[in-house]
Structure formats: structure tokens, C-alpha cells
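FYI, it's all coordinate maths here, none of it is from the lab. No experiment lies behind these values; they were computed from the predicted model shown. Methodologically, a virtual Cβ is constructed for each residue, glycine included, from the backbone with ideal geometry; neighbour enumeration extends over all protein chains shown.
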Amino acid sequence: MTTLAEISRVAIVDDQPESRKSYGYTVENADFKPVSETGPLGSLDEYFKKRDIRTVADAALCDFQLSARAYANFTGAELVARWYQRAFPAVLCTRYEKAQIERIRPFRRWIPVLIKPDDLNDETLKSGLDQCIRELQGNFIPSRRPWRTQVHFLHQDSEQPETFIAEVPGWELQEVLRIRLGDLPPQVSVLVEENFRCHARANLGAQTAEDLYLCDWQDR
Amino acid sequence: MTGPPIRFAPDILRRLGEELNPNLDQGILELVKNSYDADARSCTVRLNSVLEPGGSIEIEDDGDGLQYNDIVEGWLVLGRSRKETSQLTRLGRRPAGNKGLGRLAALRLGNRVTLTTRPRGSDEEFVVEIDWSAYDNVDLVESVPVNIISRPATRSRAGSTVFIEDLSRSIGRMEVKRLARALILLADPFDQGPSSFRPTLQSQDFSDLEQLVNRMYFDDAEYHLHARIRDGRVEAEVTDWRGGRLFTARHEDVASERSGAVYDAPDATFDLWIFILNKTVFATRATSVAEVKSWMDSFGGVHLYLNGLRVAPYGNSGNDWLDINLSRVRSPEERPGTNTSIGRVLVEDQHHVLTQKTDRSGFIENQAFEELRQFAKDSMEWLAKSRLAVAESRRRRERQEAPTKAEQRRESLQKQIERAPASIKGPLNSALADYDRQRQKETDALRREVQLYRTLSTAGITAATFAHESGNYPLKIITQSVNAVEFRGKRFLPDYEERLAEPVASIRHACESLGVLSSATMQLVDADKRRVARIDLHPVIRTVFKTFEPLLAGRDVQAELDLTVAEPYTRGTEAAFESILTNFINNTLSAFEESAETARLIRVSTSIEDAIWRLRFSDNGPGIAGIALKDIWLPGNTTRPNGTGLGLTIVRDAVSDLNGTVSVSSTSELGGATFIVEIPILGVVSDDTG
């Protein structure tokens, strides 16, 4: 897939049939053919084992919440990220709240485009898919480019024991992030304590915390 | 051409020995390190009658002993070490001794010193005697010959003994204590295998320190976990530091996470000593937190022994093969770390199911090893859960005991009143009864308040769940569907604008309002808002009113914000400050329901004076009627049929959290009520400074 013009079929992944249908309207408005992914999809590994998405679609529109019903045992963020790593373009759609962003951030490096349902229409879908394709070819928009930066773990979150409050001084000093230890590589998570500093790669050009990603963690 | 060499006067011995190494313990320790470097398994330091001058010190080991050349080129040479620290000893030890000056200091503690040493594999032994008084009457050190006598061995096995006699000074308790601590840090804590080193101390004068070196700090552990696996089944028990049994477990308890399945691991035992390193716990003990901490720094972690032999790197510094620290980070309560626990796993691998890597860097991580590791991890997990259950039970008991304790105090007070003279007994009893009534009233009010808070918390959690669900499904579907109607209508219906544009716009507008309400509800439970941090007060006011905009608009309420140009900030939680505003707004909206006023108005104005920020929240509603002003803050007091009576109680508590005050006037310049909140601020950001 090298250009938007090559896309004709768009898979729609959402755990509710009504939602898939309504996303389908937008896909049709953008002159693509909607392909509804009916569940159950099972675990992420099972899904990738039994389903080659490229045989039915050229791109995908995926909702974040997939597990409220017995549809899938993973989130849309995990799915879109896995597709990205296999060079398959997909847009993640969610009405994201802060808590959800913390669950998305570990995968954000491989999710070029996040759209709120309110903002999703034929134009934003097409431009989102276009951005995905460009990024898969190595053409990052400035706010998505990765830079090596320091991450400063301030203290443990008093409400969530497996989570630390952290700041990325190279990006924004006023804003703090919540980072779950389970989302870090084991060799880094065992070192984390109050005032721990380490390096990772982050898109320091991100305008908001929703767009910020952290990856390639280094233990020193 | 040969010139004269530099020679030394005997005084140099004193300067290099006593003056350079004033600490006696360091000198003796140097001799113990010599034993370690000689591959000794044991080394005994005997202190005989050292409380007075004239006593003696003996250091005896079972190491490789010294050959004649080792004595001449090493032991008798000062300032040069024959030990290559990069070269390991026969038993694979890294040499610990230094250049021999500490040894000189130790040897010069007495007036005479004798070295008796039998080299490994030899039937002979060498004896070296030094009488320091011989140096008193000569000009040069080299003028005193040192005799090395060779004789048939009197020692039964290889090793060395250094005997320092006629000590020129006494040795105090602090010096012996430092020596004891240093010996513990040199010792293998588990004394297992042929390469382990175990120094001991013998001293009648300091028998407690002798015991300390023997037992090390194991007795100071708060908990000792002992788990055993036989044929895949586990038994475990935990004892306290006095040896009392605290918990016991059957196989099913430890293996509960794997539904009681047996472990496919070799037979083994696992011991873990867990320390609580704080001053309160150690207040009544002979050892200090610092001593145990430094021991933990050296030996903390779980060591692994296979058929009696230590297997590296398990338990080495930085090796946490049981993920002890990771478990602690993930769930810190009642879990040890490698710097607060020490342990060992002894494996009896009769069937050779564990395979060491060819480079001897541990075991190949096969099924048997993974299962062994899981057995140890599950045992620790069981211990953590048992400790958590005890902690929770203690907390519950404390909660239950609180009223009983109060009751006991009351009975004690009653007894004291009974002893009072008759003239004041009556008034005292009457005052006590009055106090009881008032206290009961407050207790009842608190109980109601707690119940109401619980009810409201449940309502809040449910509202957040519904908000999340409505945003995820119905709203998303309506938004996408209405987009489709608009898109297709414009494309296919010539009279779309005339017939459908308006209802489509109405649906979209309603969706936007619903979306804002849904996100507003979610934002209320944002965890960041409960963190204590700097709060910029005015931006929060603007955000809250922005959030409530659709709701206010839907009820024809206009909001006027008259905020100072300077932006004040304070420290506290945003949740507390936000709850003040949201409860004022909710209160006003309810009041408006009982008002015929059509031009509904809220006005929020702020001012700053002497580092006190003042907020006036007024409306043109009906004001406060039907309830005494002083009672509006009490929980459960409301004039509305479905009101909780908690809104203003929350305001009072939240203002108090921010070290402020709140007052109310039943009328205002707008005609309704006015609430005045005063909060001390830390500073302001002026518009010219940014």
C-alpha cells in the first residue's frame, strides 16, 4: 500500500454490530467499501493466526473498546499497533478520556492517528488513513518524530500501586503522566523508584498528552 | 657502580603500624583477610584477657598455610602485597587483603608475635617469632635478624596461627563490636559448600558479641519463611523473630494460583528471613538498623545451593532471580525487597533434572528450573497474602475496638466522679450526662454522613459508568448516523436544506451537549485532580463553567465571571476546589427550579487582599428560606424533597481542606443567596508577567 488511492475496502472493528453499521456509513461516505469484522475475535494472537486481514481489506477503522461484549480479548490500541508493525494502515477511533489515554500510550508509537467519533467523517477518515500510509513509508509529520529524551519518575501513584507519576522534562514540565510498571520492559520496571530517571524515545513535538508516546526504554 | 641503599630506623615501624592504622579492629581484620586469601574455610579470632594490658590475641585458620618463600617475600615484607587481586585463589576467591600495613599494626599490638604455619601438602611447619623489644636498641630495622624455624608439623592440618601476646594496651567493647560487624560482613551467611568462609570470634569478656558473629543477624528477622517441596508438594510455615509459629500452609494454599497442581521441580527447601528495617522495630534490640542494612547490602537476596554447592549468580548483587523487587514495586504492602531480606534455596537434585550452563553462569532455564522458581515465588506470595490478611484484620479490629476503648475511658471517668465530694458529684454527673447526649448526637450525625457519602459515591461511580457507556455507544452511533443522513441528504435530496437541515442540526447540537455532559462526568473522577499540587484558581473556575455551559444554557441560566486580572494560585487538590464550585452551581440550579425568575443569573466575582483570595458566588434565585443559616452546612439538612443535604457539607469540608473559610448571606445584590469563600493563596501571576 503506497497511496490512499489504492484503498478500496476498509475493515470496521467494533464490538457492537450497530456501531459497526454506523461506522460503515462514514466509510461509504468516503467512497470506500465497508467490511464488518464480526466476532468473536478471541485473543490477539488467535486473531492474527486465523485471520489475514489483507485478504478482505486494504485498511481499517477500529474502535478502542472491544472487550465490553464477548467480541475480543484485546483493545483496539493493541490491534492497530500490531497492524502497524505489519505495515497495515488503520485509524483508531475513541472518545478518549484521560484514563483511556494512559492505556493507549504504551501503543501510541504505532498508532499514527487517533480520532474522536465526533470528529470522524469522510474527510478526517481519508486524511487519517493517508497519514498512516505516509508514516508506514517513513514520512513522519513533525509532531510524530521520535527523539531520545529523559523520563523522570516522580513518585508512586497513591491510588494505583502499580503506577508511577512521571514527567518528561524535554517535552513539558507542567504536565505529568501516569506510567504503569506493567507497560515498561522488565529490566526498567524493576529499577523504577521515587526520583528514578532513565531514557526513552518520545515524540517531543506532540502538542498534547494524548498525542505523546514513549518507546525504546533504556535502563540507564 | 653500587651505592648505599636507603635504610630505615626502627621508629618507622611505629609510624607505619600504630600511627597509620589507629583502629585495632582494622588491623585484626587484615589478618582475617589473610586467612580468607589463603583459602581458609574457618578462621577463629580469640581474644584472651584483653580488658587489661598484657592480654593476647590469636588468629587461627585452616587455610593453605605459607611456604618459606611466602614468609620471606610476603609476610615479612611491608608495603608490598604478593596478592594479585585480579587473580583468583585456588577456591576461586578474589583476594581481599591489602599492602600489609594493617597487618603490621596488628602484629605490633603485643610485645611479641609468633607465626606458626603449615603449608598445604607438607609435613613440616614454619615458626617465626618477632620480639619487638629487640628493635629498641638498634639503629636500623634490618639490624634485627628474624629467625624462621622449620620443624616437623605440630598442627594436625594445614593452616596458620598468629599469636600476639603481652598486649601493650587494653581492647574496649566498641573496638570488639566493630570487629564483630566486620567479621560478619566477611562471612558466608549460610556456611555452605567447600568454598564458604566462616570467621568466628571467641572471647569470654564479650560473649554476646561472640554469639552475634556466630548467629549473624538472623535473629533480628521479623519473619522467617521455611518452605519445603517433596515430590512436587509443598509445606510451608512462617515464624516470628522469637521463633513463634505465625502461619502454616498446605500444598493447596501455596499452589492456589495453579489450582493445587504439583510442581515439576526437584526436592528443595526454601528459607527466607525478612527484616523490617525501621528504628521503632529495632529500638529494643541489641543490634542497630544500620548494621543489618549494611549486611543486607552485602548479602540480601536469595542464594541457591545445589547438593550443598553454591550456584552463581543466583542471589549475587543485582541478581533478583525470584523477582522479589518487582513484586514489591507492584504491590509494596507487606512484601520484602532484596535489601530487606536474605534467603537460600537448597536443592537436592538426585535425578539431575537441573542442568548447569556450560559457562557455569547458572542453570539452563528448563521446566524443572522454572517450576523450582515458581515454588519459591508462590511461597513468598502466600507469605505476603498471609501478612496482608493479618494487617487487614488488625485494621478491622482497631476500628471495632475504638468504641470499646472510649467506653472503658468513660467508665473510668464515672468511677472518678463517684469518688468526688457529694457537693460536686451531682453537677459532675449532670455535666457528664449532657456530654453523653451531645456526643451521641454527633456520632449519629457522623454515621448518617458516612452513609450518605457511601450512597453518593455509589451514585457517582454509577454515573461515571453510564457516562462512559453512553459516550461509547449510543452517542457514537447517533453521531455517525446523523453524519450519514446529512451527507446523503445533501447528495441525493434536492430539497434537503429546506426539509432536513434543521432537524439534523438539532440532533447534532443535542449530541454535542450530551457528549459534553458525558465527558464532564468522566472528568469529575479524574485521578489527577486528587493529587495535592499547585492549583491555579481562575482557570479551574473557567473550566467548570465551560463544562456546565450546556446544562446552564438548557436551563436559561446566564453566568457572569468577574475575575481579578491577577491569577491567584494555592496548593491543594483540584478536586476539592472543583467540588466547591460544582456544589454551588448544583445548589443554584435547584434553587432556580423554585423560582419564577426568567432572567436567571449567576455571578462569580473574585478579589485578593493580603494574600487572601475571596470568591463571591451569587444568584438571583429565591435565596435561602425555610432553614436556619447555621444549619445549611450540616449533613442531611435540605429543604428539597429529593435533596441529599450533602452539597454544602462537602463545600464546608473542601474549603477547610484548602485552609479557608466559607460563609453565606441569604440575600445578595442579585436578590438570591451569596456564598463567600476565603482561601489563603501562595501568590499571583500578574498579566504583565505572564
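Set the Cα radius of gyration of segment B:23-95 against 2.2 N^0.38 Å, with N its number of residues, and you get 1.22.
Farthest toward the positive end of the dipole of segment B:35-152, out of B:Thr114, B:Ile71, B:Gly92, is the Cα of B:Gly92, where the dipole comes from beta carbon charges about the Cα centre. At q = 0.18, 0.24, 0.25 Å⁻¹ the log10 of I(q)/I(0) for segment A:97-182 amounts to -0.95, -1.23, -1.27, computed by Debye summation with a single uniform scatterer per C-alpha, solvent ignored.
Rg over Rh for chain A works out to 0.98, both radii taken from alpha-carbon positions and Rh defined as the Kirkwood radius. Using the Kirkwood formula on the Cα atoms of segment A:22-130, what hydrodynamic radius do you get, in angstrom to one decimal? Across segment A:22-130, the inverse of the average 1/r is 14.2 Å.
Expressed per residue, the C-alpha convex hull volume of the protein assembly as shown stands at 320 Å³.
The Cα center of segment B:393-438 and the Cα center of segment B:1-52 differ in position by 71 Å. Shown here: segment A:1-79, whose C-alpha atoms stretch 33, 26, 17 Å along the first, second and third principal axes, sorted largest to smallest. Each Lys and Arg Cβ is given +1 and each Asp and Glu Cβ -1; about its Cα centre, segment B:11-215 then shows a dipole of about 700 debye.
Under 5 Å between amide hydrogens, built in the peptide plane, is the criterion, and for B:Tyr223 it picks out B:Ile274 among residues at least 5 positions away or on other chains.
Is segment B:218-391 best put as rounded, prolate or oblate by its Cα gyration tensor, with a ≥ b ≥ c the root eigenvalues, rounded for a/c under 1.5, and otherwise prolate when a/b is larger than b/c, oblate when not? Here segment B:218-391 falls in the oblate category.
Is segment A:78-122 best put as rounded, prolate or oblate by its Cα gyration tensor, with a ≥ b ≥ c the root eigenvalues, rounded for a/c under 1.5, and otherwise prolate when a/b is larger than b/c, oblate when not?
Oblate, because a/c is 1.5 or more while a/b does not exceed b/c.
Net charge of the neighbourhood of B:Arg14, taken over other residues with C-beta under 13 Å away and scored Lys/Arg +1, Asp/Glu -1, is -2. For B:Lys293, the lysines whose Cα comes closer than 17 Å to its Cα, not counting residues fewer than 8 places off in the same chain, are B:Lys177, B:Lys279. Taking the inverse of the mean 1/r over every pair of distinct Cα atoms in chain B gives a Kirkwood hydrodynamic radius of 34.1 Å.
The fewest-to-most ranking of B:Glu334, A:Glu37 by surrounding Cβ atoms within 10 Å reads B:Glu334, A:Glu37. Computed on segment B:330-432, the Cα convex hull volume stands at 181 Å³ per residue. Helix B:24-37 and the longest principal axis of the C-alpha atoms of chain B enclose an angle of approximately 80°. Which value at 222 nm does chain B reach when only helices count, each DSSP H run of 4 or more adding -39,500 (n - 2.57), with the total divided by all residues and rounded to the nearest 500 deg cm²/dmol? Computed ellipticity for chain B at 222 nm equals -13000 deg cm²/dmol. Placing +1 on each Lys and Arg Cβ and -1 on each Asp and Glu Cβ, with no other charges, gives segment B:218-391 a dipole about its Cα centre of roughly 380 debye. In summary, the convex hull built on the alpha carbon positions of segment B:581-650 has an orientation-averaged projected area of 5.5 nm².
Within the straight-line cut-off of under 20 Å between alpha carbons, the lysines reachable from B:Lys425 are B:Lys415, sequence neighbours fewer than 8 places apart in one chain being disregarded. Across segment B:526-685, the volume of the C-alpha convex hull divided among the residues equals 115 Å³ per residue. Placing +1 on each Lys and Arg Cβ and -1 on each Asp and Glu Cβ, with no other charges, gives the protein assembly as shown a dipole about its Cα centre of roughly 900 debye.
Taking 7 Å steps out from each Cα toward its Cβ at B:Thr465 and B:Gln350 produces label points 5.5 nm apart.
Taking the Cβ of A:Asp157 as the center, what net charge do the other residues with Cβ under 11 Å away carry, scoring Lys and Arg +1 and Asp and Glu -1? Net of charged neighbours comes to 0.
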